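Below is one structure, written out as structure tokens, with a few remarks after it.
The values are calculated or read from the model by the stated rules, or taken from the named source; none is laboratory data. Here the structure is a predicted model, which means the values were calculated and not measured. Glycine gets a Cβ as well: all are built from the backbone with ideal geometry, and neighbour counts include every protein chain shown.
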Amino acid sequence: MSKTTLYPHIEPYSAGMLKLDNGHEMYWELSGNPNGFPAVVLHGGPGAGASAMHRKFFDPEYYKIIIFDQRGSGRSKPFAEIQHNTTQDLINDMELLRQHLDIKKWLLFGGSWGSSLALIYGINFPERVASFILRGVFLCSQSELDWFLQGIQTVFPDHWKKFRDFLPPSERSQILNAYYNRLVSNDSEISGGATIAWVNFESSCSTLKPSTRHLALG
């Protein structure tokens with residue numbers, strides 16, 4: 001198989017919901033070789049959710065592929081809940097899932113926010129990590145946030161201007177705070193508009209081939 005080709009689509013052989021604390025439940029699934037080397041996928045976002053495509057990164061004859069939706073994301077419940085949803089909660093959830101699946105050590109595979117979560121888990125539970133495969137590494141540093149919210153305009157000026165101009169002029173000096181306040185609004189029109197603006201910006205600037213499905217939302 002070519003190194004540039006993903007593996008064929010496969011279906012999970014097991015799936016379930018794992019009860020967490022404070023009313024959260026986490027969706028998980030297993031695919032590939034039940035006796036294979038454990039590899040867990042950490043999706044991005046936070047909040048993006050896992051997808052069937054994530055299974056295709058691994059040789060299903062060699063790997064036991066573990067996919068889960070981080071609390072508040074994807075098929076986990078309650079959806080989009082940000083209460084009791086911290087980074088520490090997420091790595092504790094991973095450790096609970098590892099124990100639930102009776103896995104001694106696993107490979108951590110993640111990109112963007114998923115790479116952040118993988119590294120933080122590794123710092124807290126180094127004895128449970130066999131290895132890392134990280135892409136699009138994001139360390140949650142202030143310089144990275146500043147680049148995403150401001151510096152990126154030097155590369156994508158039109159997309160950045162549209163993203164900034166969604167906000168009223170009085171709030172454009174604090175882009176992150178202004179978007180946050182809208183995204184957590186109880187008014188669906190306010191939160192929905194901010195969500196579309198943010199997704200369009202990120203989809204336009206974060207990949208070489210922006211998702212037409214996401215851009216169509218705008």
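Let me confirm something: among P168, P78, which residue is outside the structural domain of G44 (by TED's automatic domain parsing), loosely packed, with under 15 Cβ neighbours inside 10 Å and out of contact with any Cys (no Cβ under 8 Å at 6 or more places or on another chain)? Full working, then the answer.
Values: P78 fails: outside the structural domain of G44 (by TED's automatic domain parsing).
The unique qualifying residue is P168.
State all residues of segment 176-194 that are of a type in the set (S, T, N, Q) and either assigned to a helix (DSSP H, G or I) or within 21 Å of the chain's Cα centre (by Cα) (or both); if no residue qualifies, say none.
Our first condition is that a residue be of a type in the set (S, T, N, Q); within segment 176-194, this holds for 177, 181, 185-186, 188, 191.
N177, N181, S188, S191, listed by residue number.
Taking interchain pairs and intrachain pairs at least six residues apart, which have beta carbon atoms under 7 angstrom, with the first residue in segment 172-184 and without any contact (Cβ under 8 Å) to a residue 40 or more places away in the chain and the second part of a helix (DSSP H, G or I) and buried (at least 17 other Cβ atoms within 10 Å of the Cβ)?
R172/R164; I175/L149; I175/R164; L176/L149; Y179/A194; R182/A194; L183/A194
Residues in segment 10-33 that are of a type in the set (D, E) and not in a loop (DSSP other than H, G, I, E, B): how many? Before you say what the answer is, go through the steps one by one.
From segment 10-33, those of a type in the set (D, E) are 11, 21, 25, 29; that's our starting set.
Imposing the further condition that a residue be not in a loop (DSSP other than H, G, I, E, B) reduces the set to 25, 29.
Summing the residues that are of a type in the set (D, E) and not in a loop (DSSP other than H, G, I, E, B) in segment 10-33 gives 2.
Out of (1) over 29 Å from V199 (Cα atoms); (2) within 20 Å of the chain's Cα centre (by Cα), what's the single condition that is false for Y13?
Single failed check for Y13: (2).
Rundown of residues vs (1) under 14 Å from the mean Cα position of the chain (by Cα); (2) of a type in the set (A, V, I, L, M); (3) outside any loop (DSSP other than H, G, I, E, B), yes/no style:
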residue: T4; (1), (2), (3): no, no, no
residue: P8; (1), (2), (3): no, no, no
residue: N35; (1), (2), (3): no, no, no
residue: V41; (1), (2), (3): yes, yes, yes
residue: A48; (1), (2), (3): yes, yes, no
residue: I65; (1), (2), (3): no, yes, yes
residue: G74; (1), (2), (3): yes, no, no
residue: A80; (1), (2), (3): yes, yes, no
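For segment 73-101, how many residues meet the condition of being small (G, A, S) and either at pLDDT below 95 or in contact with a Ser or Thr (Cβ under 9 Å, 6 or more places away or on another chain) (or both)? Talk me through it step by step, then tell me what you get.
Within segment 73-101, the first condition is being small (G, A, S), and the residues that meet it are 73-74, 76, 80.
Filter once more, so that each one left must be either at pLDDT below 95 or in contact with a Ser or Thr (Cβ under 9 Å, 6 or more places away or on another chain) (or both): 74, 80.
Matching residues across segment 73-101 total 2.
Being surrounded by 14 or more Cβ atoms within 10 Å (Cβ to Cβ) and within 27 Å of S143 (Cα to Cα) is the filter here, so list the residues in segment 171-192 that pass it. Even if it seems obvious, please write down each step before you answer.
First pass over segment 171-192, keeping only residues surrounded by 14 or more Cβ atoms within 10 Å (Cβ to Cβ): 171, 175, 178-179, 181-183, 185, 190-192.
Matches in segment 171-192: E171, I175, A178, Y179, N181, R182, L183, S191.
Which numbered condition in (1) buried (at least 16 other Cβ atoms within 10 Å of the Cβ); (2) within 20 Å of the chain's Cα centre (by Cα); (3) in a loop (DSSP other than H, G, I, E, B) is the only one that H54 fails?
With (1) buried (at least 16 other Cβ atoms within 10 Å of the Cβ); (2) within 20 Å of the chain's Cα centre (by Cα); (3) in a loop (DSSP other than H, G, I, E, B) applied to H54, the lone miss is (3).
Can you tell me which residues in segment 82-103 are part of a loop (DSSP other than H, G, I, E, B), more than 14 Å from the chain's Cα centre (by Cα) and in contact (Cβ under 8 Å) with a residue 40 or more places away in the chain? Write out each step before concluding.
The initial filter retains those residues of segment 82-103 that are part of a loop (DSSP other than H, G, I, E, B), namely 82-86, 101-103.
Subset that is more than 14 Å from the chain's Cα centre (by Cα): 82-84, 101-103.
Scanning segment 82-103 gives I82, Q83, H84, L101, I103.
Return the only residue of K105, K162 being farther than 23 Å from A80 by Cα, of a type in the set (D, E, K, R), out of contact with any His (no Cβ under 7 Å at 6 or more places or on another chain) and in the same structural domain as F68 (by TED's automatic domain parsing).
Numbers: K162 fails: in the same structural domain as F68 (by TED's automatic domain parsing).
Criteria check complete, one pass: K105.
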